[in-house]
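Engineer: Below is a structure I'd like to ask you about.
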Amino acid sequence: MAKRSTAAPFASVPLEDSSSTPLYYQVYQRLRAAILLGQLSPGTRLPSTRQMANDLGVSRNTLMSAFDQLIAEGYVEGRVGSGTFVSPTLPEELLEARLKTKPSLQIQSDQRSLSARGKVLEKTCVTVARRAPGKIRPFIPGIPALDEFPMSLWSRLVARHWRDESRGLLNYGPAAGYMPLREAIAAYLGPSRGVQCKPDQIVIVSGTQQALDLAARVLLDTGDSILVEEYCYSAARAALIGAGAHLVPVKVDDAGLDISDHSASSSNARVAYVTPSHQYPLGVTMSLPRRLALLDWANRTCAWILEDDYDSEYRYVARPLAALQGLDKSGRVIYIGTFSKVLFPSLRIGYMVVPSDLVEAFVRARAAVGWCCPFIDQAVLADFISEGHFTRHIRRMRSLYAERQQALIGALHREAGDLLEVNRTDAGIHVLGLLPDHVDDQAVATEAAAQGIVAHPLSAFFLGEAALAQRGLVLGYGAYNVRQLREGVSKLTIALKTVARNSRNQDSRNLRVRSLIA
Ligand SMILES: Cc1ncc(COP(=O)(O)O)c(C=O)c1O
């Protein structure tokens, strides 16, 4: 039989009308405390709401709100027709019981450890995962001119699809992607990049990052070797290592990756990852003989080539060389494109052009890892391309980037010409500045950060022996207007001069020490 509450311990102290805590919450706290302290024991029937409201000097509505909260949290329960009772099992007891039966919080830390692959991912993706969203400042590379993106046009296309009463785009769609988008991409790639493909060879992915992850999963076993350019895009490196690949750096010079390099020929790599149109970060274009040699290697050794064509749309001088994929007669190239540079990176849409015999494997793998990108975004993008906005946008951006590049290089020559050797680049949205050997690029990056700008040190991209790394800075210009670029250069010049002065002082100190020893 239910115990009847006789006293009203919760009513001994008056409630505070002037408190910022609402009255109902104060009542809730009182009752909860009385229950937890055992003043109202499990099974106790609470007085009627009318009586309690009187005892506490509050309205019945206030009291009911407090009861609702207690019922929702499991402290009291209402039985139809017989009143409200303190629950026989309180939430705290449930929690304690769970802790007693489940010793998971006390288990050894090694039992909570990550998988071997999890540990690798945790280590390799540090800088990638730290990319702060929204914080754009010179000279973060790889960001296009977000200030010039045609927002209102894009939002009109988005609205068009959200108004579509058929709601077909709300359902699951094909894992390979939205067919009109695949058709639009195939139609664009032929004439602009010399890529030979049919729409059904195109698999839509969440950017290059996912393309590399998929390719490594589908083509490599854990521990298999993959050839990469010795200066390598860090997020690509993270994706490949994260997928279990063993990276073999191969020499790059002003003609691009050299497949005759000993490290390539002595490895038994099954895949090579390259950026032939515009090597990242060095900015060189792979020459035709090097392209043919690379294709020949893939053909001879039955290897695959992952061609990352991340910013080929932006070429300022001659027409770009045709993609490797277009030169490939044996179906050994997987071409990877992205809309991150040409539109905006948070779109997270890219694509792979896959040899016909691999399509099924890639589509199934794509289904296994996230299915596909949002179909409404794909449909908007398909319209953007097929209605001609895409090529217009590229044309407009090409002249804007040429202007921004010129402004950056001009300012660097004027202010820091004696410390940084920077040349005009034919493509892309970043330039490379080379430093004298005695100036440490990591130190410049640190000084630049203190000035509020970002200058990525070239040596951080180098996968070979650290002492052999060239010193330089990778400076993005796509996202910054001429004023921001000039201000950025002034700050960079201060950083460069500080580091150069410190290293000269250090040199002369070393000389003095050496002469003392002698
Ligand atoms: C070499 C390279 N590939 C690809 C990308 C784009 O990656 P995603 O498509 O995942 O945004 C970048 C961006 O900076 C890059 O530098």
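Engineer: Helix-derived [θ] at 222 nm for the chain: sum -39500 (n - 2.57) over DSSP H runs of at least 4, divide by residue count, nearest 500? Can you show the working numbers first?
Structural biologist: Working: 18 runs with 228 residues, N = 518.
Calculated from helices alone, the mean residue ellipticity at 222 nm is -14000 deg cm²/dmol.
Engineer: So what's the net charge close to D253: Lys and Arg +1, Asp and Glu -1, counting the other residues with Cβ under 15 Å from its Cβ?
Structural biologist: On the way: positive: K251, R290, R291; negative: E229, E230, D254, D258, D261.
Around D253, the surrounding residues sum to -2.
Engineer: Here's something else I'd like to know. Which number do you get for Rg(Cα) / (2.2 N^0.38 Å) in the range 331-454? List each step's numbers first, then the result.
Structural biologist: Working: Rg = 20.4 Å, N = 124, 2.2 N^0.38 = 13.7 Å.
Relative to the 2.2 N^0.38 Å estimate, the range 331-454 comes out at 1.48.
Engineer: Leaving out ligands, DNA and RNA, what percent of the accessible area of the chain is carbon and sulfur, probe 1.4 Å?
Structural biologist: 53
Engineer: Per residue, how many Å² of accessible area does the chain show with a 1.4 Å probe?
Structural biologist: On the way: 25630 Å² over 518 residues.
Counting only protein heavy atoms, the per-residue value for the chain is 49 Å².
Engineer: Can I ask one more? What is the diffusion coefficient of the range 427-504 in µm²/s, taking the Kirkwood radius over Cα pairs and the Stokes-Einstein relation at 37 °C with a viscosity of 0.692 mPa s?
Structural biologist: Details: Rh = 12.9 Å.
For these conditions, the coefficient is 255 µm²/s.
Engineer: Can you pull the Rg over Rh of the range 191-309, Cα-only, Kirkwood?
Structural biologist: Details: Rg = 13.7 Å, Rh = 14.6 Å.
Result for the range 191-309 is an Rg/Rh of 0.94.
Engineer: Could I ask something else about it? For the chain, what size does the Cα cloud have along each of its three principal axes, sorted from largest down, in whole Å?
Structural biologist: Extents along the principal axes, in whole Å: 95, 74, 49.
Engineer: Further question on the same structure: So what does the Cα-only Debye profile of the range 278-362 read at q = 0.14, 0.15 Å⁻¹, as log10 I(q)/I(0), no solvent term?
Structural biologist: So the normalised log intensities are -0.54, -0.62.
Engineer: Please report, in Å, the Rg and the Dmax of the range 367-415, where both are computed over Cα atoms only.
Structural biologist: When restricted to the Cα atoms of the range 367-415, Rg and Dmax are 18.1, 53 Å.
Engineer: Rounded to the nearest 5, what is the percent of antiparallel bridges among the DSSP beta bridges in the chain?
Structural biologist: Numbers: 26 of 43 bridges.
Among the beta bridges of the chain, antiparallel pairing accounts for roughly 60 percent.
Engineer: So, one more: My understanding is that a pair violates if its Cα-Cα distance is over 31 Å; which of K135/K497; K198/K341; K123/K341; K135/K198 do that in this structure?
Structural biologist: On the way: K135/K497 26 Å; K198/K341 24 Å; K123/K341 27 Å; K135/K198 39 Å.
Violating the 31 Å Cα-Cα cut-off are K135/K198.
Engineer: Here is a follow-up. Quick one: if you take sqrt(5λ) for each eigenvalue of the C-alpha gyration tensor of the range 169-252, what semi-axes come out, biggest first, whole angstrom?
Structural biologist: Working: eigenvalues 161, 60, 22 Å².
They are 28, 17, 11 Å, listed largest first.
Engineer: Continuing with the same structure: Please give the length that would be gained between L153 and Q406 if that part of the chain were fully extended, namely 0.36 nm times their separation in residues minus their C-alpha to C-alpha distance (nm, one decimal).
Structural biologist: Values: separation 253, 0.36 × 253 = 91.08 nm, distance 2.88 nm.
Between L153 and Q406, full extension yields 88.2 nm more.
Engineer: Going by amide H atoms built from the backbone, whose H comes under 5 Å of the H on A245, apart from near neighbours?
Structural biologist: Those lying under 5 Å, H to H, from A245 are G223.
Engineer: Using label points projected 7 Å from each Cα along Cα→Cβ, tell me how many nm separate N299 and Q451, to one decimal.
Structural biologist: If labels sit at N299 and Q451, their model points lie 5.0 nm apart.
Engineer: For the range 216-240 and the range 303-329, what is the centre-to-centre distance using only Cα atoms, to the nearest Å?
Structural biologist: 19
Engineer: Whole-Å semi-axes of the range 7-90's equivalent ellipsoid, largest first, each the root of 5 times a Cα gyration tensor eigenvalue? Intermediate results must be reported in sequence, preceding the final value.
Structural biologist: Numbers: eigenvalues 75, 36, 30 Å².
Whole-Å semi-axes of the equivalent ellipsoid: 19, 13, 12.
Engineer: Can you give me the pair-distance distribution of the range 215-260, C-alpha pairs, 5 Å bins, whole percents?
Structural biologist: The percentages, shortest bin first, are 5, 23, 30, 20, 15, 6, 1.
Engineer: Same structure again: Whole-Å semi-axes of the range 227-290's equivalent ellipsoid, largest first, each the root of 5 times a Cα gyration tensor eigenvalue? Mind showing how you got there, number by number?
Structural biologist: Details: eigenvalues 69, 45, 13 Å².
In descending order the semi-axes read 19, 15, 8 Å.
Engineer: Using all alpha carbons of the range 313-373, what is the percent of pairwise distances in each 5 Å bin, ordered from the shortest bin to the longest?
Structural biologist: All Cα pairs considered, the percentages come to 4, 14, 19, 21, 18, 16, 6, 3, 0.
Engineer: Could you order the peptides 356-363, 181-188, 324-331 from most to least packed, using the average number of other C-beta atoms within 10 Å per residue? Please report the intermediate quantities before stating the final value.
Structural biologist: Working: 356-363: 15.4, 181-188: 20.5, 324-331: 17.8.
Output ranking for 356-363, 181-188, 324-331: 181-188, 324-331, 356-363.
The values are calculated or read from the model by the stated rules, or taken from the named source; none is laboratory data. Keep in mind that what you see is a predicted model, and the values were worked out from it rather than measured. Quick reminder, even Gly has a Cβ in these numbers, built from the backbone with ideal geometry, and neighbours come from all protein chains shown. The area values use the complete protein model at the heavy-atom level, side chains included, leaving out ligands, DNA and RNA. Shrake-Rupley method; radii C 1.70, N 1.55, O 1.52, S 1.80 Å.
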